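Everything on this sheet refers to the single structure shown next.
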Amino acid sequence: MEQQYPVGRFAPTPSGRMHLGNVFAALIAWLSVKSRNGVFLLRMEDLDTQRTSEEFARILREDLCWLGLDWDAETPPQSRRSEVYDRYVRLLREKELLYPCYCTRSQLHSVNAPHLSDGTYVYPGTCRNLSEAEKAAFDRLPAWRVKVPDRNYAFTDLCQGAFAQNLSEDCGDFVVQRADGVHVYQLAVTVDDGEAGVTEVVRGVDLMGSAPRQMYLQELFGFSHPAYGHVPLLVAPDGRRLSKRDEDLDMGALRLRKKPEEIVGILAHSCGLLEKYEPISPRELSSVFFWKKLKMDNIELQIPD
Ligand code: GLU
């Protein structure tokens, strides 16, 4: 039976306090489903246990509640799902799409090939056809790569419009499990969104280049493709791109100076959802939300004093 309602999610990495760019992605993800009476899920992406912590996750939830961005359910954090991810890795192995890769970091970095916007190299397939003897000669554990097809993955992004990538030319075979056993983001996000029945993935435009890899894995695992909406990056009034290092625009600093409705109003006005700045709650904003109103290019924050 066809699903009647949209299911969206916010999937932050709890490695620090949210800055306005993270809040913006959360707000648009929330508005997109709540303007259509959908379901909003929260998920902590804490695969990197060195950088993430339960304390950051707690503060993150608290900041979201304070902003009025409530969620209908929180799905289990990625750090607790490695057995589930193992099942999907096994599936790839059964399909004979997985192979061990012994390339070292420095070998990968010396690859003289174009690379994607997220800094990953187009993998030239160095380890794709190693013989058993060649594999046995390595004295280290391998990472596991999935073979990609020479095929275009295309979609119409809710915010950025048409986007396509040929996986073999633009990306190459990619790692799904690292040599230390940790599963990588591309695999975990596909499994989590697929199992939770997510119908739309809204996040920062810096992750748009990941969508074709996720679409390929969705196909292999039997999940439907969600709609994608990659929201523009925010730049500070002085032209800086926001990052976790900009403590002056993180939630800790903002909460000392602004009310939640003021923060939402600043974001809504800067991105084109509101013509004039006014304090507003996410709930009120959901009645005027349309994807078409949103700017596609970098958004310069307009912060009233
Ligand atoms: N965990 C990622 C981040 O915090 C977002 C991943 C996603 O939304 O797919 O940037």
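With neighbours defined as other Cβ atoms within 10 Å of a residue's Cβ, the residues ARG105, ARG61, ARG36 order from fewest to most as ARG105, ARG36, ARG61.
Of the chymotrypsin sites (Phe, Trp or Tyr not before Pro) found in segment 214-305, the ones in coil according to DSSP and having at most 13 other Cβ atoms within 10 Å of their Cβ are PHE290. For the pair segment 5-46 / segment 50-69, the C-alpha centres are spaced 12 Å from each other. A helix-only calculation puts the chain at -9500 deg cm²/dmol for mean residue ellipticity at 222 nm, using -39500 (n - 2.57) for each DSSP H run of at least four residues, averaged over all residues.
Go through the cysteines of the chain and tell me which have no other cysteine Cβ under 4.7 Å away. By the Cβ distance rule, which asks for a partner under 4.7 Å, the isolated cysteines are CYS65, CYS103, CYS159, CYS171, CYS271.
Measuring max minus min along each principal axis, the C-alpha atoms of segment 229-305 give extents of 32, 26, 20 Å (largest first).
Of the residues LEU249, ALA154, LEU234, the one whose Cα sits farthest toward the positive end of the charge dipole of the chain, with +1 on the Cβ of Lys and Arg and -1 on the Cβ of Asp and Glu, is ALA154. Among the trypsin sites (Lys or Arg not before Pro) in segment 192-288, those located in a DSSP loop and surrounded by at most 10 other Cβ atoms within 10 Å of their own Cβ are ARG245, LYS276.
Taken along the Cα-to-beta-carbon direction at a fixed 7 Å, the label points for LYS295 and LEU91 span 4.0 nm. Do any of LYS258/LYS293; LYS95/LYS135; LYS258/LYS295; LYS259/LYS295; LYS34/LYS292 go past 22 Å between their Cα atoms, and which? Cα-Cα > 22 Å for LYS258/LYS293; LYS258/LYS295; LYS259/LYS295; rest within.
Given +1 at the Cβ of Lys and Arg, -1 at the Cβ of Asp and Glu and no other charges, the dipole of the chain around its Cα centre is 120 debye to the nearest 20.
On the principal axes of its alpha carbon atoms, segment 41-167 extends 57, 38, 31 Å, with the longest extent given first. Shown here: the chain, whose C-alpha atoms stretch 67, 46, 35 Å along the first, second and third principal axes, sorted largest to smallest.
Laboratory data are not the source of any read-out in this text; all were calculated from the coordinates shown. A quick note: this is a predicted structure, and the numbers were derived from the prediction, not measured. Backbone-built Cβ (ideal geometry, glycine too); neighbour counts: all protein chains shown.
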